[in-house]
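The next block holds one structure in the form of C-alpha coordinates; read it before the comments.
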Amino acid sequence: MNLILLGPPGVGKGTQAKLLIDRFGIPQISTGDILRAAVKELTPMGAKAKGYMDSGALVPDEVVIGIVEERLAQADCQKGFILDGFPRTVPQADALGQVLSGMGKSIDHVVSLSVDKGELLKRLTGRRACANCGAGYHVDFAPSKVAGVCDACSGQLVQREDDKEETILNRLAVYEAQTAPLIAYYQAAGVLRSVDGLGTVEGVQSDILAAIRA
Ligand SMILES: [Zn+2]
(Lines give C-alpha, C1' and ligand atoms only; values in the text may rest on other atoms or scores of the structure.)
Protein backbone atom coordinates (compact mmCIF):
# COMPACT_ATOMS: atom_id res chain seq x y z
CA MET A 1 0.00 0.00 0.00
CA ASN A 2 1.51 3.29 -1.15
CA LEU A 3 0.43 6.19 1.05
CA ILE A 4 1.00 9.90 1.41
CA LEU A 5 0.19 11.40 4.80
CA LEU A 6 -0.78 15.08 5.00
CA GLY A 7 -1.54 16.98 8.18
CA PRO A 8 -0.78 20.25 9.95
CA PRO A 9 1.59 20.65 12.89
CA GLY A 10 0.13 19.28 16.12
CA VAL A 11 -2.41 16.94 14.52
CA GLY A 12 -0.62 13.76 15.61
CA LYS A 13 0.63 12.72 12.19
CA GLY A 14 3.77 11.08 13.62
CA THR A 15 1.74 8.95 16.03
CA GLN A 16 -0.65 7.84 13.28
CA ALA A 17 2.21 7.07 10.90
CA LYS A 18 3.84 4.85 13.52
CA LEU A 19 0.64 2.83 13.98
CA LEU A 20 0.30 2.35 10.21
CA ILE A 21 3.95 1.24 9.97
CA ASP A 22 3.39 -1.38 12.68
CA ARG A 23 0.16 -2.60 11.12
CA PHE A 24 1.25 -2.87 7.50
CA GLY A 25 4.99 -3.46 7.92
CA ILE A 26 5.85 -0.67 5.50
CA PRO A 27 8.45 2.06 6.07
CA GLN A 28 7.82 5.75 6.67
CA ILE A 29 9.77 7.89 4.27
CA SER A 30 10.42 11.34 5.59
CA THR A 31 12.35 13.61 3.22
CA GLY A 32 14.51 15.12 5.97
CA ASP A 33 15.63 11.66 7.13
CA ILE A 34 16.33 10.20 3.69
CA LEU A 35 18.17 13.33 2.61
CA ARG A 36 20.48 13.06 5.63
CA ALA A 37 20.96 9.31 5.03
CA ALA A 38 21.72 9.75 1.31
CA VAL A 39 24.27 12.48 2.07
CA LYS A 40 25.91 10.31 4.73
CA GLU A 41 26.07 7.23 2.47
CA LEU A 42 27.05 9.38 -0.52
CA THR A 43 24.60 7.73 -2.90
CA PRO A 44 24.78 9.29 -6.40
CA MET A 45 21.98 11.73 -5.52
CA GLY A 46 23.26 12.16 -1.97
CA ALA A 47 26.60 13.35 -3.31
CA LYS A 48 24.80 15.92 -5.48
CA ALA A 49 22.73 17.09 -2.52
CA LYS A 50 25.88 17.43 -0.42
CA GLY A 51 27.35 19.77 -3.02
CA TYR A 52 24.39 22.13 -2.66
CA MET A 53 24.26 21.86 1.12
CA ASP A 54 28.00 22.49 1.53
CA SER A 55 27.65 25.71 -0.44
CA GLY A 56 24.69 26.75 1.70
CA ALA A 57 22.18 26.39 -1.15
CA LEU A 58 18.75 24.74 -0.99
CA VAL A 59 18.72 21.25 -2.48
CA PRO A 60 16.73 21.61 -5.73
CA ASP A 61 13.59 19.62 -6.47
CA GLU A 62 15.18 17.31 -9.04
CA VAL A 63 17.77 16.16 -6.50
CA VAL A 64 15.18 15.67 -3.75
CA ILE A 65 13.07 13.65 -6.17
CA GLY A 66 16.14 11.62 -7.15
CA ILE A 67 16.72 10.81 -3.49
CA VAL A 68 13.07 9.79 -3.04
CA GLU A 69 13.43 7.57 -6.12
CA GLU A 70 16.58 5.91 -4.74
CA ARG A 71 14.77 5.26 -1.46
CA LEU A 72 11.61 3.87 -3.11
CA ALA A 73 13.74 1.42 -5.11
CA GLN A 74 14.99 -0.25 -1.91
CA ALA A 75 13.71 -3.70 -0.97
CA ASP A 76 11.72 -2.62 2.10
CA CYS A 77 9.44 -0.44 -0.08
CA GLN A 78 8.24 -3.34 -2.23
CA LYS A 79 5.17 -3.89 -0.04
CA GLY A 80 4.49 -0.17 0.17
CA PHE A 81 5.51 3.00 1.94
CA ILE A 82 4.25 6.08 3.77
CA LEU A 83 5.52 9.37 2.40
CA ASP A 84 5.67 12.13 4.99
CA GLY A 85 6.65 15.71 4.16
CA PHE A 86 6.81 15.03 0.43
CA PRO A 87 5.45 16.10 -2.00
CA ARG A 88 4.89 19.66 -0.80
CA THR A 89 3.98 21.25 -4.13
CA VAL A 90 2.07 20.28 -7.27
CA PRO A 91 5.25 20.15 -9.42
CA GLN A 92 6.76 17.74 -6.85
CA ALA A 93 3.57 15.67 -6.95
CA ASP A 94 3.79 15.52 -10.75
CA ALA A 95 7.44 14.46 -10.59
CA LEU A 96 6.63 11.83 -7.97
CA GLY A 97 3.86 10.46 -10.20
CA GLN A 98 6.34 10.11 -13.06
CA VAL A 99 8.95 8.38 -10.88
CA LEU A 100 6.37 5.93 -9.54
CA SER A 101 4.94 5.26 -12.97
CA GLY A 102 8.46 4.43 -14.21
CA MET A 103 8.63 1.83 -11.41
CA GLY A 104 5.20 0.43 -12.26
CA LYS A 105 3.74 1.90 -9.06
CA SER A 106 1.26 4.57 -8.08
CA ILE A 107 -0.12 6.29 -4.98
CA ASP A 108 -3.09 4.36 -3.57
CA HIS A 109 -4.26 6.82 -0.92
CA VAL A 110 -3.47 10.35 0.20
CA VAL A 111 -4.65 10.57 3.80
CA SER A 112 -5.30 14.17 4.75
CA LEU A 113 -5.77 14.70 8.48
CA SER A 114 -7.94 17.78 8.77
CA VAL A 115 -8.46 19.82 11.91
CA ASP A 116 -10.83 22.00 13.79
CA LYS A 117 -8.63 25.05 14.24
CA GLY A 118 -10.02 26.01 17.66
CA GLU A 119 -9.31 22.58 19.09
CA LEU A 120 -5.85 22.48 17.57
CA LEU A 121 -5.06 25.90 19.05
CA LYS A 122 -6.17 24.68 22.47
CA ARG A 123 -3.84 21.69 22.17
CA LEU A 124 -0.85 23.68 21.01
CA THR A 125 -1.17 26.92 22.98
CA GLY A 126 -1.74 25.02 26.25
CA ARG A 127 1.81 23.67 26.32
CA ARG A 128 4.06 24.89 29.10
CA ALA A 129 7.65 24.08 29.99
CA CYS A 130 9.62 24.56 33.19
CA ALA A 131 12.16 27.36 32.70
CA ASN A 132 14.45 25.60 35.18
CA CYS A 133 14.36 21.83 34.44
CA GLY A 134 12.53 21.72 31.10
CA ALA A 135 9.70 19.44 32.31
CA GLY A 136 6.64 19.63 30.02
CA TYR A 137 3.04 20.35 31.05
CA HIS A 138 -0.26 21.22 29.44
CA VAL A 139 -2.76 23.59 31.08
CA ASP A 140 -5.72 21.34 30.12
CA PHE A 141 -4.34 17.84 29.59
CA ALA A 142 -1.35 17.62 31.96
CA PRO A 143 -1.54 20.52 34.43
CA SER A 144 0.94 21.10 37.25
CA LYS A 145 -0.40 20.82 40.80
CA VAL A 146 0.00 24.58 41.31
CA ALA A 147 -0.69 26.72 38.24
CA GLY A 148 2.50 28.13 36.74
CA VAL A 149 4.81 26.18 39.06
CA CYS A 150 6.83 23.05 38.20
CA ASP A 151 5.90 19.97 40.27
CA ALA A 152 9.46 18.66 40.13
CA CYS A 153 11.56 21.69 40.99
CA SER A 154 9.16 24.58 41.74
CA GLY A 155 10.57 26.43 38.74
CA GLN A 156 8.42 28.83 36.74
CA LEU A 157 6.37 27.39 33.85
CA VAL A 158 6.62 29.35 30.63
CA GLN A 159 5.08 29.24 27.17
CA ARG A 160 7.62 28.74 24.41
CA GLU A 161 7.66 31.21 21.52
CA ASP A 162 6.71 28.29 19.20
CA ASP A 163 3.57 27.60 21.25
CA LYS A 164 2.20 31.16 21.20
CA GLU A 165 -1.09 31.65 19.40
CA GLU A 166 0.28 34.06 16.82
CA THR A 167 3.13 31.71 15.86
CA ILE A 168 0.79 28.74 15.62
CA LEU A 169 -1.81 30.60 13.54
CA ASN A 170 1.00 31.61 11.21
CA ARG A 171 2.29 28.02 10.88
CA LEU A 172 -1.24 26.78 10.19
CA ALA A 173 -1.79 29.46 7.54
CA VAL A 174 1.49 28.49 5.83
CA TYR A 175 0.51 24.83 5.96
CA GLU A 176 -2.93 25.49 4.50
CA ALA A 177 -1.62 27.69 1.72
CA GLN A 178 1.00 25.11 0.82
CA THR A 179 -1.25 22.07 1.07
CA ALA A 180 -4.51 23.32 -0.47
CA PRO A 181 -3.28 22.90 -4.08
CA LEU A 182 -2.04 19.38 -3.27
CA ILE A 183 -5.39 18.45 -1.77
CA ALA A 184 -7.15 19.63 -4.92
CA TYR A 185 -4.60 17.78 -7.05
CA TYR A 186 -5.08 14.44 -5.31
CA GLN A 187 -8.83 14.92 -5.06
CA ALA A 188 -8.93 15.25 -8.84
CA ALA A 189 -6.85 12.06 -9.06
CA GLY A 190 -9.46 10.28 -6.93
CA VAL A 191 -7.07 9.19 -4.17
CA LEU A 192 -7.76 11.78 -1.47
CA ARG A 193 -9.08 10.42 1.84
CA SER A 194 -10.00 13.16 4.32
CA VAL A 195 -9.98 12.12 7.95
CA ASP A 196 -10.82 14.23 11.01
CA GLY A 197 -7.52 14.37 12.88
CA LEU A 198 -8.83 15.42 16.26
CA GLY A 199 -10.26 12.34 17.96
CA THR A 200 -8.40 9.97 20.27
CA VAL A 201 -5.32 8.27 18.83
CA GLU A 202 -7.28 5.00 18.45
CA GLY A 203 -10.33 6.75 17.00
CA VAL A 204 -8.33 8.59 14.36
CA GLN A 205 -6.44 5.41 13.47
CA SER A 206 -9.65 3.45 12.96
CA ASP A 207 -11.03 6.29 10.78
CA ILE A 208 -7.86 6.17 8.68
CA LEU A 209 -8.14 2.40 8.30
CA ALA A 210 -11.80 2.70 7.29
CA ALA A 211 -10.94 5.40 4.74
CA ILE A 212 -8.21 3.38 3.05
CA ARG A 213 -10.25 0.20 3.00
CA ALA A 214 -13.39 1.77 1.60
ZN1 LIG B 1 11.09 22.13 36.79
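The values are calculated or read from the model by the stated rules, or taken from the named source; none is laboratory data. Quantities reported herein were computed from a predicted structural model and do not represent experimental measurements. When we count neighbours, we look across all protein chains shown, and the Cβ atoms used for this are built from the backbone with ideal geometry, even at glycine. All accessible areas refer to the heavy atoms of the entire protein, side chains included, with ligands and DNA or RNA removed. Shrake-Rupley method; radii C 1.70, N 1.55, O 1.52, S 1.80 Å.
Miscellaneous remarks
- Shape of the range 171-214, Cα gyration tensor, a/c cut at 1.5: oblate
- Remark: for residue pairs LYS18/LYS40; LYS18/LYS122; LYS50/LYS164; LYS48/LYS117; LYS117/LYS145; LYS48/LYS164, the C-alpha separation exceeds 31 Å in LYS50/LYS164; LYS48/LYS117; LYS48/LYS164.
- Accessible area per residue was computed with a 1.4 Å probe on protein heavy atoms; GLU202 scores about 130 Å².
- Taking 7 Å steps out from each Cα toward its Cβ at ALA189 and GLU161 produces label points 3.7 nm apart.
- Semi-axes of the equivalent ellipsoid for the range 89-214, Cα gyration tensor, largest first, Å: 38, 17, 13
- Note on ASP207: accessible area is roughly 80 Å² with a 1.4 Å probe, heavy atoms of protein only.
- Residue order by solvent-accessible surface for VAL149, VAL174 is VAL174, VAL149, largest first, with ligands and nucleic acids left out and a 1.4 Å probe.
- Per-residue ellipticity at 222 nm computed for the chain from its helices equals -15500 deg cm²/dmol, with DSSP H segments shorter than 4 residues left out and the rest contributing -39,500 (n - 2.57).
- The slack between ALA214 and ARG171, meaning 0.36 nm per residue of separation minus the straight C-alpha distance, is 12.3 nm.
- Rolling a 1.4 Å probe over the protein chains gives LYS117 an accessible area of about 90 Å².
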